[in-house]
Structures are given as C-alpha cells and as structure tokens.
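Some notes on the structure that comes next.
The values are calculated or read from the model by the stated rules, or taken from the named source; none is laboratory data. Remember, predicted model here, so these are calculated numbers, not experimental data. Neighbour counts run over all protein chains shown; Cβ positions are idealised from the backbone, glycine included. All accessible areas refer to the heavy atoms of the entire protein, side chains included, with ligands and DNA or RNA removed. Shrake-Rupley method; radii C 1.70, N 1.55, O 1.52, S 1.80 Å.
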Amino acid sequence: MSDTTAEVAPEATTTPIPGPVGAPSLTDRLRRPRTYAVLIASVLLLALPFYLDRFWLQAGLFAMAAAIGAIGLNMLTGATGQLSMGHAFFLAVGAYGYCILAGESSTENGHALTGLGLPTWLAAILAVALAGAAGGLFSPIAGRLRGAYLGIATLALIFIGQHVLFNAGSLTGGYNGREVPPLSLFGFTFDDSELVVAAVPFGSSEKLWYAGLAALLLSALFARGILRGRPGRAMNAIRDHRIAAGVMGVPVARYRAGVFVLSSMYAGLAGVLLALVFQRTVPEYFGMILSLEYLAMIVIGGLGSVAGAVVGAFFVSLLPQVLTHYSDSLPLVSAPGTGGLAPGEASRYLYGAAVVAVVLFLPGGLARLGLARPRPGAGRQRRFTRPKKSGEKK
C-alpha cells in the first residue's frame, strides 16, 4: 500500500471589501468645516432675540419671509424654467386669506370687514392652501405656456390682484388695509404681551422669530428633498430641453402645473408670515415692485438652488433696511422725505448693479462663492497595485 500525501489547503484569508469611494462616513462629515459653520450659525440664530432690538428682529423676519417665497419661485423659475412675474399676487392671497379667515367681522375705516373667526393656526394652514388653490386655477395656463409668454400671463395677475385689493373693501379694508390677528398655537399667542425669558422681555418680534426660523427650515428641507430627488431631475430636464424630457416619459404639462401650485403655496406661507410681522396688510405693498424684487433675489442668489434663494432673499430684503437705518452716516443717501436719494431708490440701483454683475461674472450666484471644493471621496481613493512576482525588485 503506497503512502499518500495529503495536501493541506491553504488557510482562507478574508480581506475587507472596500466601501464605496464616494460615501463619507459620519466621522468624516462631523470633521468638515461646513458642519461646524452650520452649528455655530444655528446657535447664533437661536440667541439673536436675546441681544437684538425690535428693528433688526423685524428686518430678519422680513428676510425669512422673503426667503420662503424665493425658494418657491426658484423651484418654478430656476429649476423648471418657468418665468413668473406674478409672485406678489400669491403672497397677497396668503396674507389677506389669513386675515379674512382668522379675523372677526367688524367695522374699520368706514368698511364693514368680513371675517370668519377661525382659530389662527387653522387660518394660517387654510391661507397657504388657498394660495395653492389660486395657483391651481392658473396652472392649466402655466402648464402650456413658457418663457416670456408665461411671464406676460402671470403679469396680468398683478393687475387683477391690485384691482381686487383696492376695491373689495369688505374683504381687504381698501387702501388702508386691515389689521392682522396674532397667531395663537397651543394656547401660546405671538403678540406684544410681554413674556420674560432669561430676564429679557419677549414681544411679538421675539416670539415670531422662532416661528419664522422653523417655517424657513422646514420649507428649505422640503424643497431640497424635491430638488435632489426624482422630481428635481424631471424639473431640470424640462428646463434644459422640454421636448427631450417629454420623449423620456416626463409628463411636462403636469409637472409644470404641479410646480406652479407648489410655488404658489410657498408664496402663500411667506404672505402669512409677512402679515404677522407687519401686523397690518396694505394693498400697495403687493405690487409689481415686489415681484421684481423676488426675481432679483433668485438671480442674485443663484438659480435652481435653495441656498441661493435664501442668500438672495437676505441680500435684497435687508439692504433697504440697512440703508434706512444708517442713512445719516452714508454718503449720497438721505432719510426718506428729505429730498435726496432715498434708501429704497438706492437699494434698487444696487439690485440692478448686482444682477448685472452676477450675470456677467458669477452665473451661479452668490451661493456659489466659497463652495468650490473637490469631489467627495477624491482624497480617499484606494491605490491598487499589481502583485510582485518572485525575484522582482521592490
């Protein structure tokens, strides 16, 4: 019987499978400077009501409301390519819808005002839905028109809205407008009744600050999820090439109509917040100039970007407030009514210069400044080398 030699199989070795190159871990995300910047900015925003006076808090609330409306317009114009000149109309629907739904029937400035007296939190939700319904009525036109034709069609909404606001005195209060009922949520009222927090008296501006922050955060996150998902890719395809998007199976008319309704709801929410901050709605505010300012916001900040809408809204809405506050110490700018260059006029000149500069030198808008960074995972690629043969020098 011959001896047999049993060959021993080499021991199995397990090598870790490298993970995907472009997926950063949680530790890598926490080490990013952008994460620390977001955390610091969040803490500062939460602490500002304890240190700023009423003027700057109201200016910040105006900017938050403008940012919400600009996000909606940026999804419509920047991401889908639909030009809208009637954004102020839907802000007016949200603002006056809240006043009518939440207000009580009364007599003010010679007008018998109509009010339903609903709970204010319910009135705010219904006002946003009412703005969406107004956009839904116009959506068949928005789904079939594009470019300058849609812009001219939406321009008609401004004239219709201004006529209704000035003449429907029982609903809007006419030229003098009507008072805005304070928001009440879970028994907490956002009015001027003094509330002391950490030895700091909180009025309506301080209370509304946190409500505005929450509304802006939720609006930005929702829009970001849409733009980064499948609907966002379909919207970009419609913007870049409408016929090609239809060939690929994208329902172009339905997407255009849906985005128009969503943008109208964003404008309605911005109108509700503006009304709560102003504490009185005035028809003259919701005119052509407001729509042009919103277009300037998304162009200056960056088309098709949530961050661009927020940056542009803060730039456009805070600039006249800053010029008004420091008009005594700024050259070429004088206080309103003194005969010189008013802060509002100076801010419009600066808007125009900023729009021209962005179009010529910074097409991505102000949001692109400082955001250029290497591709995720580019510095963490693994290097695979050919195995050495026996006798080969290392």
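The set of residues from region 36-51 being within 15 Å of Phe202 (Cα to Cα) and in contact (Cβ under 8 Å) with a residue 40 or more places away in the chain comprises Leu46, Leu48, Pro49, Phe50.
Note on region 157-169: residues that are under 12 Å from Ser84 (Cβ atoms) and open to solvent by 30 Å² or more (accessible area, probe 1.4 Å) amount to 0. Out of the residues in region 240-259 that are outside any helix (DSSP H, G or I) and of a type in the set (A, V, I, L, M, F, W, C), state the one that is nearest to Phe138 (Cα to Cα). Filtering region 240-259 for residues that are outside any helix (DSSP H, G or I) and of a type in the set (A, V, I, L, M, F, W, C), the one nearest to Phe138 (Cα to Cα) comes out as Val250. Restricting region 125-148 to residues that are small (Gly, Ala, Ser) and open to solvent by 20 Å² or more (accessible area, probe 1.4 Å) leaves a set whose member that is modelled with the lowest pLDDT is Gly147. Those helices (runs of 4 or more DSSP H) of region 114-174 in which at least 3 residues are under 23 Å from the mean Cα position of the chain (by Cα), considering only elements entirely within it, cover 120-144, 148-167. Looking at region 77-113, which of the residues that are aliphatic (A, V, I, L, M) and within 16 Å of Ile158 (Cβ to Cβ) is surrounded by the fewest Cβ atoms within 10 Å (Cβ to Cβ)? For region 77-113, the residue satisfying everything is Leu83. Which one is most open to solvent (accessible area, probe 1.4 Å) among residues in region 170-193 that are of a type in the set (D, E, K, R) and either touching a residue at least 40 places away in the same chain (Cβ under 8 Å) or touching a Phe, Trp or Tyr at 6+ places or on another chain (Cβ under 7 Å) (or both)? Going through the qualifying residues, I end up with Glu179.
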